[in-house]
Structures are given as C-alpha cells and as structure tokens.
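> Quick one: this structure, given as structure tokens, is what I'll be asking you about.
The values are calculated or read from the model by the stated rules, or taken from the named source; none is laboratory data. Bear in mind that the values here come from a model prediction, so they are computed numbers and not experimental data. Please note: Cβ atoms are built from the backbone with ideal geometry, for glycine as well, and neighbour counts cover all protein chains shown. Just so you know, the surface numbers come from the protein's heavy atoms only, side chains and all, with ligands and any DNA or RNA stripped out. Shrake-Rupley method; radii C 1.70, N 1.55, O 1.52, S 1.80 Å.
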Amino acid sequence: LEFGGSQSSNINLKSKIFLQGPFNTNLMNTNLSQNGSLPNTQPFNTTPWNYNGGESLSSGSSSSFVDWVLVELRSSSNPTQVVARKAAILKNDGALLDSDGSIGVPFSNVQEGSYYIAVFHRNHLSVMSAAPVLLSANSTVYDFSTGMNKAFGTNPMANLGNGIFGMYAGDGNSNGGITITDRNEVWLPQNGTLGYLKGDFNLDGGVTIHDINLYWNINNGTMTQVP
C-alpha cells in the first residue's frame with residue numbers, strides 16, 4: 001500500500017499540568033527561577049531518564065517558569081513504547097512550553113496521529129494521559145488538571161482542591177514510587193541546604209521539614225501509574 005496524500009511530520013503538543021509541591025490556589029510558585037536556581041539546560045541527562053537532548057533556555061529563565069519536565073509521546077497501540085521524547089519548561093499556570101518560552105512542545109519528524117502523553121519530573125510521580133490523544137501541528141490543549149480521569153491508572157494524581165489535580169510530590173530518587181528511601185537517602189542528607197535539589201519537594205529553593213510534613217508524609221506509599 002502506498003499513501004498518496006500528504007501528512008505533516010511535525011507535532012506541537014499543547015498540554016497543561018500542575019505539580020503538587022509548588023501549587024498554590026490556581027498557580028505554581030516560581031521560586032527556582034526567581035532565585036536563580038533553575039538550570040539553563042535540561043536536567044534529565046542522568047539516571048533514570050538518561051535523556052541526551054540539548055534543550056536549553058534560549059533567553060534565560062523567566063519569572064513565570066516553574067521547572068523542567070520531560071515529555072514522552074508513546075504508541076497508541078502500546079503505551080510502553082516511547083516514540084519521541086523532549087524536555088520542556090513548565091509555566092506557573094501549568095502550560096508546557098518549548099525551551100524558547102513559546103507555547104507547546106514541538107516534535108519534528110513525528111507524524112500527526114494519536115499518542116499517549118507521558119510527563120516526568122525529577123521529584124514528582126510521572127503521569128500519562130488516560131487514552132491516546134490526537135496530536136498535530138495545531139493540537140488542542142490536553143489538560144491533565146481538570147479531572148482524575150485525565151490520567152492513566154487508579155488515583156494517578158493528587159487532589160489539589162477545587163476540582164484541580166496534579167502530579168504527586170515526594171519521589172526524591174525519581175524511581176516511580178514514594179517510599180522511605182526518598183526520605184532517608186534524599187531528603188535527610190539535603191535537609192537545611194539551598195539550591196536545585198531533589199529533596200526540595202515544594203520547589204521553593206530549600207530543603208526543610210516542610211517538604212517532609214506537607215508532601216512526603218502524606219504521599220508515602222504512592223506509586224506512579226505510568227506503565
């Protein structure tokens with residue numbers, strides 16, 4: 001069979017998602033960008049992601065930037081199969097941005113079609129769309145925040161109140177589960193220090209008892225639902 005028509009090989013993924021830790025009412029705090037802790041280059045080039053993309057902030061950090069996330073497009077027929085990956089910036093209103101600050105996450109050389117959308121963060125549990133989403137160069141926004149049923153699995157997101165949902169905070173070692181290891185091996189050695197740290201669950205630029213009491217204690221035992 002030969003396809004006689006034309007089809008775009010570029011996708012611009014538009015999505016909205018919140019992180020539990022920095023969330024406050026309807027927005028997320030931007031302490032990391034405001035205090036200069038947000039790195040200019042993507043931070044997912046280490047285990048467990050081992051992503052070697054060269055994304056960097058072309059014009060420096062903006063006061064509306066929360067943190068980096070890693071976005072995956074996965075096969076509609078096999079949600080464990082990764083088709084493409086890209087690091088993106090999360091804005092304080094939940095929007096995913098390209099590293100140049102523009103709305104959406106562009107994927108070149110990826111055919112228009114339906115894909116599962118998976119989103120990863122360095123100390124929050126990953127999420128994936130409940131079903132494949134039709135993506136194109138002019139994609140509509142897929143909003144994870146509007147309902148628990150927007151993400152794959154059973155109770156895959158934290159209830160942030162007022163009908164808003166987001167990614168669970170507390171996975172300090174980024175292994176997909178919030179356990180005692182995150183407290184003892186990540187938070188505890190970093191407690192009392194400042195910077196871009198995995199033990200900083202609320203992303204305020206410092207590791208304190210609040211990170212444990214407000215997030216890890218509540219979410220301990222929670223696992224990602226992403227296959």
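> On the full set of protein chains, 1.4 Å probe, figure out the accessible area of Lys91 and give it in Å² to the nearest 10.
Ignoring ligands and nucleic acids, Lys91 comes out at about 60 Å².
> With the dipole of region 68-224 worked out from charges on the C-beta (+1 for Lys and Arg, -1 for Asp and Glu) around the Cα centre, which of Phe120, Ile103, Thr193 lies farthest toward the positive end?
With unit charges placed on the Cβ atoms, the residue in question is Phe120.
> If I compute solvent accessible area with a 1.4 Å probe over the protein chains, what percent of it on region 145-205 is carbon and sulfur?
Numbers: 1270 of 2580 Å².
Of all accessible area on region 145-205, carbon and sulfur atoms account for 49 percent.
> Give me the mean projected area, in nm² to one decimal, of the convex hull enclosing the Cα positions of region 104-227.
Working: hull surface 34.1 nm².
Over all viewing directions, region 104-227 projects a mean Cα-hull area of 8.5 nm².
> Relative contact order of region 35-103: what whole-number percent is it, with Cα pairs under 8 angstrom and at least 6 residues apart? Can you show the working numbers first?
Details: 102 pairs, mean separation 19.0, N = 69.
Taking the mean separation of contacting Cα pairs over the length of region 35-103, I get 28 percent.
> Okay, moving on. Would you pull out the residues with amide H under 5 Å of Gly206's amide H, same chain only if 5 or more places away, H placed 1.01 Å from N?
Gly195
> Short version: what are the Cα gyration tensor semi-axes of region 103-160, square root of 5 times each eigenvalue, largest first, in whole Å? Could you put the intermediate results ahead of the total?
Values: eigenvalues 97, 32, 22 Å².
Those come to 22, 13, 11 Å.
> Can you list residues from other chains, or at least 5 along the same chain, whose modelled amide H is less than 5 Å from the amide H of Val83?
Leu73, Arg74, Ser75
> Using Cα pairs under 8 angstrom and six or more residues apart, how large is the relative contact order of the chain, in percent? Don't skip to the answer; put the middle values down first.
Numbers: 549 pairs, mean separation 52.4, N = 227.
That works out to 23 percent.
> Of Ile180, Ser76, Ser63, which is farthest along the charge dipole of the chain in the positive direction, counting Lys and Arg as +1 and Asp and Glu as -1 at C-beta?
Of the candidates, Ser76 comes out farthest on the positive side.
> Using θ = phi - 60° and the Karplus form 6.51 cos²θ - 1.76 cosθ + 1.60, what ³J(HN,Hα) does each residue of region 135-143 get, whole Hz, x for Gly and Pro?
In residue order, the calculated couplings are 10, 8, 5, 10, 4, 7, 6, 9, 9 Hz.
> One quarter of the convex hull surface, Cα atoms only: what value does that give for the chain in nm²?
Numbers: hull surface 49.6 nm².
Across all orientations, the chain yields a mean hull projection of 12.4 nm².
> Mind checking which of Asn24, Leu90, Gly53 is farthest towards the positive end of region 1-105's charge dipole, using Cβ charges of +1 (Lys, Arg) and -1 (Asp, Glu) about the Cα centre?
Checking the options against the dipole of region 1-105, the answer is Asn24.
> Now for a different question. Just to verify a number: FRET efficiency for Asn35 and Leu188, C-beta to C-beta distance, R0 = 25 Å, to 0.05?
Working: r = 23 Å, r/R0 = 0.92.
So the FRET efficiency works out to roughly 0.65.
> On the protein heavy atoms, probe 1.4 angstrom, tell me the percent of accessible surface of region 84-124 carried by carbon and sulfur.
On the way: 510 of 1210 Å².
The computed percentage sits at 42.
> Per DSSP H run of at least 4 residues, take -39500 (n - 2.57); add these up for the chain, divide by its residues and hand me the 222 nm value, nearest 500 deg cm²/dmol. It would help to have the intermediate numbers written out before the result.
On the way: 1 runs with 4 residues, N = 227.
The per-residue figure over the chain is 0 deg cm²/dmol.
> Still on this model: In whole Hz, with x marking every Gly and Pro, tabulate ³J(HN,Hα) for region 176-186 from phi via Karplus 6.51 cos²θ - 1.76 cosθ + 1.60, θ = phi - 60°.
x, x, 9, 9, 4, 4, 5, 6, 6, 9, 10
> Using only the alpha carbons of region 27-122, determine the length spanned along each of the three principal axes and report them from longest to shortest in whole angstroms.
For region 27-122, the Cα extents along the three principal axes come out at 43, 26, 22 Å.
> Next question. For the chain, what is the accessible area per residue in Å² when the probe is 1.4 Å?
On the way: 9870 Å² over 227 residues.
Counting only protein heavy atoms, the per-residue value for the chain is 43 Å².
> Let me ask you something else. Round to the nearest 10 and report in Å² the accessible area of Val82, as given by a 1.4 Å probe over the protein chains' heavy atoms.
60 Å²
> Quick one: putting +1 on the C-beta of Lys and Arg, -1 on the C-beta of Asp and Glu, what dipole do you get for the chain around its Cα centre, in Debye to the nearest 20?
180 debye
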